[in-house]
1. Looking at region B:224-248 only, could you name the residues that are free of Cβ contacts under 8 Å to residues at least 24 places away in the same chain and within 22 Å of the chain's Cα centre (by Cα)?
2. Across region A:76-112, what is the number of residues that are within 12 Å of another protein chain (Cβ to nearest Cβ), in contact (Cβ under 8 Å) with a residue 60 or more places away in the chain and among the aliphatic types (A, V, I, L, M)?
3. Mind listing just one residue for me: the one in region A:62-84 that is of a type in the set (A, V, I, L, M, F, W, C) and buried (at least 20 other Cβ atoms within 10 Å of the Cβ) and, of those, nearest to A:Leu25 (Cα to Cα)?
4. Specify which of the listed residues (B:Arg318, B:Arg405, B:Arg367) is at pLDDT below 95 and basic (Lys, Arg).
5. Go through (1) away from chain B (no Cβ under 12 Å); (2) in contact with a Leu (Cβ under 7 Å, 6 or more places away or on another chain); (3) crowded, with 23+ Cβ neighbours inside 10 Å; (4) farther than 17 Å from A:Leu18 by Cα for A:Phe121 and report which single condition fails.
6. In the list B:Ile49, B:Ile104, B:Ile70, B:Ile83, which residue meets the criterion of being modelled with pLDDT under 95 and either closer than 27 Å to B:Pro384 by Cα or within 14 Å of chain A (Cβ to nearest Cβ) (or both)?
7. Could you list, in sequence order, all residues of region B:333-347 that are over 20 Å from B:Leu256 (Cα atoms) and of a type in the set (A, V, I, L, M)?
8. Report whether or not A:Ala49 is surrounded by 22 or more Cβ atoms within 10 Å (Cβ to Cβ), modelled with pLDDT of 95 or more, within 14 Å of chain B (Cβ to nearest Cβ) and within 11 Å of the chain's Cα centre (by Cα).
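The values are calculated or read from the model by the stated rules, or taken from the named source; none is laboratory data. Given the structure is predicted, the values throughout are model-derived calculations rather than measurements. Positions of Cβ are backbone-derived with ideal geometry, glycine not excepted, and every protein chain shown enters the neighbour counts.
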Amino acid sequence: MATTLPARRTLHPVPAVLLACSLSLFLGAWLSDWTYADSYYVQWINYAAWLNAGGMVFLGFATLWAFVDIFRKDVARDRGSALFVLILLVAFILGLIAAFVHTKDTNAPMPEALVLDVLVFLLVAAATWLGFSTIRSGVAR
Amino acid sequence: MTRLRSTTALLLSCTLLSACGGQDPTLPQTGPNPTLPEPHRGLLPTMKIADPAKNGWGNSRPTVPQGFTITAIATDMKVPRQILALPNGDILVAEGKGGQDGHIMRPKDFFAGVLKERGTSSTKPGQRLTLLRDANGDGVYEGRTVFAENLNAPYGLALVGNHLFVANQDAVVRFDYQPGQTRASGPPTVITSLPSRLNHHWTKSLAASPDGRFLYVGIGSNSNIGEAGLEAEENRAMIWQIDAQTGASRQFATGLRNPTALAFQPGSNQLFATVQERDEIGANLVPDYLTSVREGAFYGWPFAYWGQHPDRRVQPYREDMLAKAVRPDYALGSHVAALGLSFSSGVMGSRFASGAFVGEHGSWNRRTPAGYKVVFVPFIGGHPSGPPIDFVTGFQGSDGKTFGRPVGVTVDPRGALIVADDLANVIWRVVPAGRPQPPRLASVR
């Protein structure tokens, strides 16, 4: 007799790695901006702009993956999955705003840049948490 | 979810980026008391890069006032910038381009570089001096020789007796010059090295004092507002005074963000400069200006603009520097990019006899283009007085395409205004009616 059991499967390895990469880059952006705000040494805010841009590349692909999952019939979903995508989207939009804010010259990005860094990092951290604790695919064979 | 995304995108592009078309408000921003709005910048800098017309000027010509004619005396130049009229009537043109290509400090620099490149000539810069000659004074410059080549982004030019001084992007050099000479007799001698690391604003403008004892060199900042770090601004955003004999240099005036043209007022010992002010705080900030240069004065950059208006994008901020900042004399308008300056004389007719011509290369940091013309600033009693008068216009077509961009301007004592156009690679000559004019070329490419 074949039985179908609901199985909790963690996040697929690809978006997992994408999220891990973006998480560390966004953390780096936050710390770099923090160091800049403390020292006014411009190279730190330049690093922050690059780290944010790098984080956005990985976050972009992770968000895309999650977005595609919505339309896949073979992927089981619960309330957490919708929230997962929503948080990723919000993180992406805020990260994009952070990228634009980082194009301002000298001290002009502050303090918005620092606030956005923290928000994006926390949102991606939350999404990662949620992603790993969400039912993704349904059947055990 | 898709709807959320597109709504957000629309919100982003309209409210936050403040880039939904429309016109920039026009404020009275010429003269000694320009109206200055509050600093503002959306999420992205407002940009409108010159869109070069495919066929250059074609059959169009710049517009000049009634009673004047304009002709191209040289075409197919290699990015002409500044011009010097030599005593025998020859015209010397500096052609070149400097700065460190592809110097990228932030992701922004990559995109800005690609975008701004579009508004400039694709011709390989000449890095040379070209001499143009009209031997019989008929207005046709039949002679054309390369006076000197393999220079490092030559820009400012000055003649003192038998010495021709050229401000390259990294040094002031000297050629020997005899009247009538069409080629340099040898490689130049270095007089003084100039700050050239990064060289974001690479153009080194040059003027000689009337007695020929001192040279003055304008050295632009290495950034818009200090974003390359204040270490990169050492000895920059200032005018140096250089002893023409010994090469010894000292700071003459400071806080001038990018002093791109220098000229002595005829019959006086007064140095004037046109200066490019800072970007990214609005379409109507900060006006570029023409000013007499006071020895030892601090003109504000980066801490202040137009006198004591603070720019707190710079940190750590220096209140003492804000308090020291002096106001320039005469605003030319925000973002016009005044790159050429030449004092006029009686040869340009009574209406344009007393004052200075200013070449305005044109804006990128506002929606409604500004500049893209040559204006005449009238002087009364030795001071700029009254609104600027458009002298050469029509550099942009009604379709928004850009035919050319004026840079250096020089009053030729034989009775003409010479204008370098670094987009069309043309040298223009504006003459009062009644003087010899060459036949009109069919098409200027």
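1. B:Met238
2. 2
3. Looking only at region A:62-84, we keep the residues that are of a type in the set (A, V, I, L, M, F, W, C), and these are A:62, A:64-68, A:70-71, A:75-76, A:82-84.
Pick out the ones that are also buried (at least 20 other Cβ atoms within 10 Å of the Cβ) and you get A:62, A:66, A:84.
On the way: A:Ala62: 14, A:Ala66: 20, A:Phe84: 20 Å.
The selected residue is A:Ala62.
4. On the way: B:Arg318 fails: at pLDDT below 95; B:Arg405 fails: at pLDDT below 95.
Only one candidate passes the filter, namely B:Arg367.
5. With (1) away from chain B (no Cβ under 12 Å); (2) in contact with a Leu (Cβ under 7 Å, 6 or more places away or on another chain); (3) crowded, with 23+ Cβ neighbours inside 10 Å; (4) farther than 17 Å from A:Leu18 by Cα applied to A:Phe121, the lone miss is (4).
6. On the way: B:Ile49 fails: either closer than 27 Å to B:Pro384 by Cα or within 14 Å of chain A (Cβ to nearest Cβ) (or both); B:Ile70 fails: modelled with pLDDT under 95; B:Ile83 fails: modelled with pLDDT under 95.
Criteria check complete, one pass: B:Ile104.
7. Of region B:333-347, the ones over 20 Å from B:Leu256 (Cα atoms) are B:343-347.
Result: B:Val347, single match.
8. Values: surrounded by 22 or more Cβ atoms within 10 Å (Cβ to Cβ): yes; modelled with pLDDT of 95 or more: yes; within 14 Å of chain B (Cβ to nearest Cβ): yes; within 11 Å of the chain's Cα centre (by Cα): no.
Considered against the rule, which asks whether it is surrounded by 22 or more Cβ atoms within 10 Å (Cβ to Cβ), modelled with pLDDT of 95 or more, within 14 Å of chain B (Cβ to nearest Cβ) and within 11 Å of the chain's Cα centre (by Cα), A:Ala49 comes out as no.
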